[in-house]
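To start, the structure itself, in structure tokens.
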Amino acid sequence: MDDADPLAGFRARFVGTESPLVYLDGNSLGRPLAATAERLRRFVEEEWAVRLIRGWDERWFDLPLALGDDLARVCLGAAPGQVAVGDSTTVLLYKLMRAAVTARPGRTEIVIDRDQFPTDRYVAMGIADECGMTLRWVDVDPTTGLTPDQVAEVVGERTALVVLNHVSYRSAWLADTAAITRAAHDVGALVLLDMCHSAGVVPSELDAWGVDLAAGCTYKYLNGGPGSPAFCYVAARHLETFTQPIQGWMGNTDPFRMGPDYVPVEGIRRFLSGTPAVVGMLAIQDMVGLVEEAGLHAVRRKSEQLTAHAVDLADKHLAVYDVEVASPRDPELRGGHITLSHPRMQEVVATLWERDVIPDYRDPGGLRVGLSPLSTSYDELERGILAVGEVLGALA
Ligand SMILES: *Cc1c(COP(=O)(O)O)cnc(C)c1O
């Protein structure tokens, strides 16, 4: 399978892939690119050290929007001028949820499902408290996820916003974003899409789907490194009227005039608050370039084949230990990882880490196999699944 893989050559561009370590957690923290090691060194020696404060005028001030446009083109299906990079996903979720509820005055409910990533739920709870709103919780099957019918059933004239995870962090369920967005728009509500587990691995069409707001992180399939800044998308039709709650000088008109008043600047820049994390944006540039070179649709094809192979291997080698696939079996219904469940998986993952086989664990009993298509080989995946079987066999 590796010999037949048209993307196999990309693996050698990542630092560490020559070692026998098995890395199956690219959906939590992507591996670094060799180009990034070089870019970081050159940034310190040739840009930061030499340009010094002039760097802001020359490149850094515009980087959050320039990189946002690259991400929009390569990964998000969005026209320029709608994506900015900065803050963490959590902070951006807060800013965007507040922007949305402010833009729908008189509406009192936020729709969200119980299986969403914790930070999305916690931010929504905080905003509900802060703004005197009610959360309309939807229960979902933890081996799949939120459906358009479930959304259509609960939205109504009270709904301000529907918060949606594009790919479930647990099951990898790929939400039908276009249909859910239509269901929300039918009642005049807005949609906020969390793309943390899809950006860089699942092609998206934010503009065509009609999504209002989106955010996602860059350290998973975009290999930006630990704590690299997140991105936000605000549809062009909202940019003139939507405002965000963390009014900082970097989102003000003419920030270096240091004027007395906050007047949000035109365009997506108004969603920035403070000084952008320039160093954190360096690695993202390399990975966006690599995804563009490989082609996101080719990345998705390999992703589907990798997850399909993971399911086949689990059926063949792990079903004897009563391991179950807790993800959709149809590749079109899932993102870039799969979850394998067994009551003793937490112990299994701890033992695997000691053996340099690195998936991760999520309750209840889920071992997540995260497959980053440009850095993962079929051989690496197979060695990982066989190791899971060995550890389970030794426990039995
Ligand atoms: C990883 C992830 C986050 C992380 O948010 P941070 O602010 O970067 O910690 C948020 N939402 C989802 C769906 C995720 O998968």
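The values are calculated or read from the model by the stated rules, or taken from the named source; none is laboratory data. Predicted, not measured: the structure shown is a model, and the values here were computed from it. Counting neighbours? That spans all protein chains shown, and the Cβs are built from the backbone with ideal geometry, glycine included. All accessible areas refer to the heavy atoms of the entire protein, side chains included, with ligands and DNA or RNA removed. Shrake-Rupley method; radii C 1.70, N 1.55, O 1.52, S 1.80 Å.
A few points about this structure:
- For F10, the criteria (1) in a helix (DSSP H, G or I); (2) under 14 Å from I284 (Cα atoms) hold in every case but one, which is (2).
- Some residue of region 107-115 being in contact (Cβ under 8 Å) with a residue 60 or more places away in the chain and closer than 22 Å to L239 by Cα: yes
- Taken over region 22-59, the criterion of being among the hydrophobic types (A, V, I, L, M, F, W, C), open to solvent by 20 Å² or more (accessible area, probe 1.4 Å) and more than 16 Å from the ligand (Cβ to nearest atom) is satisfied by A34, A35, A37, L40, V44, W48, A49, V50, L52, I53, W56.
- For D2: the one exception among (1) over 26 Å from the mean Cα position of the chain (by Cα); (2) open to solvent by 50 Å² or more (accessible area, probe 1.4 Å): (2)
- Against the numbered list (1) over 19 Å from S88 (Cβ atoms); (2) touching a strand residue (DSSP E or B) at 6+ places or on another chain (Cβ under 6 Å); (3) surrounded by 18 or more Cβ atoms within 10 Å (Cβ to Cβ), R270 comes up short only at (1).
- Residues that are more than 25 Å from the chain's Cα centre (by Cα), of a type in the set (S, T, N, Q) and over 16 Å from L63 (Cα atoms) do occur in region 252-265, at least one of them.
- Qualifying positions in region 328-368 - closer than 25 Å to K302 by Cβ, among the basic types (K, R) and open to solvent by 30 Å² or more (accessible area, probe 1.4 Å): R329, R362
- Taking the criterion of being assigned to a helix (DSSP H, G or I), hydrophobic (A, V, I, L, M, F, W, C) and free of Cβ contacts under 8 Å to residues at least 24 places away in the same chain, the residues of region 33-88 that qualify are A34, A37, V44, W48, A49, V50, W56, A66.
- Residue match in region 70-84 (condition: of a type in the set (D, E), more than 14 Å from M133 (Cβ to Cβ), open to solvent by 50 Å² or more (accessible area, probe 1.4 Å) and within 16 Å of the ligand (Cβ to nearest atom)): no
- Taking the numbered list (1) touching a Lys or Arg at 6+ places or on another chain (Cβ under 9 Å); (2) open to solvent by 10 Å² or more (accessible area, probe 1.4 Å) in turn, P373 passes all entries but (2).
- For region 291-310, the set of residues classified as open to solvent by 10 Å² or more (accessible area, probe 1.4 Å) and either aliphatic (A, V, I, L, M) or touching a Phe, Trp or Tyr at 6+ places or on another chain (Cβ under 9 Å) (or both) consists of E293, A294, L296, A298, Q305, A308, H309, listed by residue number.
- Filtering region 200-227 to residues that are open to solvent by less than 10 Å² (accessible area, probe 1.4 Å) and either modelled with pLDDT under 95 or near the ligand (Cβ under 10 Å from one of its atoms) (or both) leaves A215, G216, C217, T218.
Residue-by-condition table, conditions (1) among the aliphatic types (A, V, I, L, M); (2) farther than 28 Å from H185 by Cβ:
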residue	(1), (2)
R11	no, yes
Y23	no, yes
R31	no, yes
L40	yes, yes
V50	yes, yes
L65	yes, no
A79	yes, no
M97	yes, no
D113	no, no
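- Residue count for region 176-199, restricted to those that are crowded, with 23+ Cβ neighbours inside 10 Å and assigned to a loop (DSSP other than H, G, I, E, B): 6
Residues are listed down the side, and each one gets a yes or a no for (1) outside any loop (DSSP other than H, G, I, E, B); (2) under 20 Å from the mean Cα position of the chain (by Cα); (3) at pLDDT 95 or above; (4) outside the structural domain of R170 (by TED's automatic domain parsing):
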site	(1), (2), (3), (4)
E332	yes, yes, yes, yes
L340	yes, no, yes, yes
E347	yes, no, yes, yes
W353	yes, no, yes, yes
L367	yes, yes, yes, yes
L374	no, yes, yes, yes
G384	yes, no, yes, yes
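- Pairs where the first residue, in region 331-353, is within 21 Å of S168 (Cα to Cα) and the second is among the polar types (S, T, N, Q) and at pLDDT below 95, C-beta under 7 Å, 6+ apart: G336/N27; H337/N27
- When region 100-116 is limited to residues that are in contact with a strand residue (DSSP E or B) (Cβ under 6 Å, 6 or more places away or on another chain) and among the hydrophobic types (A, V, I, L, M, F, W, C), the one that is nearest to the ligand (Cβ to nearest atom) turns out to be I112.
- Residue tally, condition surrounded by 24 or more Cβ atoms within 10 Å (Cβ to Cβ) and more than 10 Å from the ligand (Cβ to nearest atom), over region 228-240: 4
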